[in-house]
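Working notes, structure below.
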Amino acid sequence: MSKRPPYVYEERDRHGKVRYRYERRVKGGKVKRWMPHMDSDPAGFWQLYSKLQEETAPGGATPAPAVSIEAVADSYMKSRAFQELKETTRKAYTSRVRLFVRKFGFLEGQHVPLRAFTKERVDRLMSPEVTPGRGAANNLRRTLDALFEHAIEVKIDPLISTNPVKAVKRPKLGDGTTPWSLSEIAQYQNHWPIGTMERLMQEVYYRTSQRRSDVAQMRVDRLERFPRPDGREVAFLPLGERQEKTGDDLVVMFRPRLLWLIDQTPRTGPFVLENKRGGPFTAETLGNAFRDAVRAADIQDRSAHGLRKSRLTHRALQGDSTHEIMALSGHASLQQAENYTRTAARRKLLEGMEDDPDDSEVPVG
């Protein structure tokens, strides 16, 4: 514990373990209680401390001590609900919470209490001047919301009974990822020939339209292949495969061209994509490896998610319905898939409009 509150003393037992004791003089003697450890059980520590302060205050109850953002954050990340999150989600939330504590948890070297974050203060923090970017502002809002909900649930601070974040409007979010153009896809493929793992990364991303967390776990030895009447093969992942992000069924079709590309790429292990040591990628290392391959092809500011957007947009332009887009991408809601079909519909409407009157004056050839 970085700084003990009043009436809390630190001592070591005969085993050398640090323990904390609450001790305060009251009329007729002293109140002594062993306290939960601040690091391993911050919620329990502050709950008991608040209770003892009220019981031992001269002349009645005293206001409970303000619990710092750092203490609430530590308690939240040790909570059962947090530990039960998927590993990738837990990593992302941990990074956001720690970043929030570093940026806003201290003022002039002193801990900032969570109760100091009113609706007005949260509004200011989410302003472009303090937190540029709508995505960053939304992450900040979600982080504070989680901390307040946890503080209320475990009663870590008796003076926190409502969540002010609920009254703060969410920023309107758009997907800022830029889709790849057809010329950029061709440029990448010209740089990385068939048979290289870098080429296969792009092909798998584009042709399956799956998230990198799901692409990283795809295995060649688990593909269930089926012959088509024309003699070519298609394949599916086995039933029971789950999306890493949502937990929904991971239903992916490997069409003949992608199966052929997989067969043309040397590998030493069972995974569709493998690193230079022949082992599997994690979602993070796969993202880094693909980013390096994109830069090597002299393409700037393009990502795997941008390939996914390109593929879904191209399929929508070819006439795929919203439900077909959902089946391809694994999106859970119609609203997400409609982003692609709506864009395609607009383009088709424009293509079907009559020429401007002076278009006929443009020379042909």
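Using mean Cβ contacts within 10 Å as the protection proxy, how do 252-265, 39-52, 201-214 order, highest first?
201-214, 39-52, 252-265
So what are region 233-312's ellipsoid semi-axes, whole angstrom, largest first, if each one is the square root of 5 times an eigenvalue of the alpha-carbon gyration tensor?
Its equivalent ellipsoid spans semi-axes of 22, 17, 15 Å.
If I take R0 = 56 Å and measure r between the Cβ atoms of Arg342 and Tyr7 in this structure, what FRET efficiency does the formula 1/(1 + (r/R0)^6) give, to the nearest 0.05?
The value I calculate is 0.35.
For region 283-298, what does the Karplus curve 6.51 cos²θ - 1.76 cosθ + 1.60, with θ = phi - 60°, yield as ³J(HN,Hα) per residue in whole Hz, taken in order and with x for Gly and Pro?
4, 5, 5, 5, x, 5, 5, 5, 4, 5, 5, 5, 5, 5, 8, 6
I'd like to compare 71-82, 183-194, 13-24: which one has the highest average count of other Cβ atoms within 10 Å, and what's the full order after that?
Top of the packing list down: 71-82, 183-194, 13-24.
Apply the Kirkwood formula to region 69-167: the hydrodynamic radius equals the inverse of the mean of 1/r over all pairs of different alpha-carbon atoms; give it in Å with one decimal.
Evaluated over region 69-167, this radius sits at 13.8 Å.
Note down the net charge around Phe271, summing +1 for each Lys or Arg and -1 for each Asp or Glu among other residues with Cβ under 14 Å from its Cβ.
Value of the local net charge: +2.
Show me, for region 317-327, the HN-Hα J-couplings you get by feeding each phi into the Karplus relation (A = 6.51, B = -1.76, C = 1.60, θ = phi - 60°), rounded to Hz, glycine and proline as x.
5, 7, x, 5, 7, 4, 5, 5, 4, 4, 5
Take the Cβ-Cβ distance between Val234 and His305 as r, set R0 to 25 Å, and report the resulting FRET efficiency rounded to the nearest 0.05.
0.50
Got a sec? How would Arg141, Arg33, Arg342 order by Cβ neighbour count within 10 Å, fewest to most?
By the 10 Å Cβ count, ascending, the order reads Arg342, Arg33, Arg141.
At 0.36 nm per residue, and after removing the present C-alpha to C-alpha distance, how many nm does the segment from Glu241 to Glu108 gain when stretched out fully?
Stretched fully, the Glu241-Glu108 segment lengthens by 42.8 nm.
Suppose only helical runs count, i.e. DSSP H with n ≥ 4. What mean residue ellipticity at 222 nm does that imply for the chain under -39500 (n - 2.57) per run, divided by all residues and rounded to the nearest 500 deg cm²/dmol?
Helix contribution divided over all residues of the chain: -13500 deg cm²/dmol.
Please report, to one decimal in angstroms, the Kirkwood hydrodynamic radius of region 182-350 built from all distinct Cα-Cα pairs.
16.7
Based on the mean of other beta carbon atoms within 10 Å per residue, what is the order of 272-282, 238-248, most packed first?
In decreasing order of mean packing, 272-282, 238-248 become 272-282, 238-248.
Relative to the compact-globule scaling 2.2 N^0.38 Å, provide the ratio for the alpha-carbon radius of gyration of region 8-56.
Normalised by 2.2 N^0.38 Å, the Cα Rg of region 8-56 equals 1.20.
Treat every Asp and Glu Cβ in the chain as -1 and every Lys and Arg Cβ as +1, leave all other atoms uncharged, and give the resulting dipole magnitude about the Cα centre to the nearest 20 debye.
Value, rounded to 20: 2220 debye.
Would you please give the residues with an amide H less than 5 Å from that of Met35, counting only those at least 5 places away or on a separate chain, with H modeled from the backbone geometry?
Tyr20, Arg21, Tyr22
Report P(r) for region 17-109: all Cα-Cα distances, bin width 10 Å, range 0 to the bin holding the largest distance, values in whole percent.
Final binned percentages: 14, 35, 31, 15, 5, 0.
Using θ = phi - 60° and the Karplus curve 6.51 cos²θ - 1.76 cosθ + 1.60, what whole-Hz ³J(HN,Hα) does each residue of region 227-238 get, with Gly and Pro shown as x?
So the Karplus estimates, Gly and Pro as x, are x, 9, x, 7, x, 7, 10, 10, 9, 10, 6, x Hz.
Computed from the coordinates by the stated procedures, all read-outs in this text should not be read as laboratory data. As the structure is a computational prediction, the values presented were derived from the model and not from experiment. Quick reminder, even Gly has a Cβ in these numbers, built from the backbone with ideal geometry, and neighbours come from all protein chains shown.
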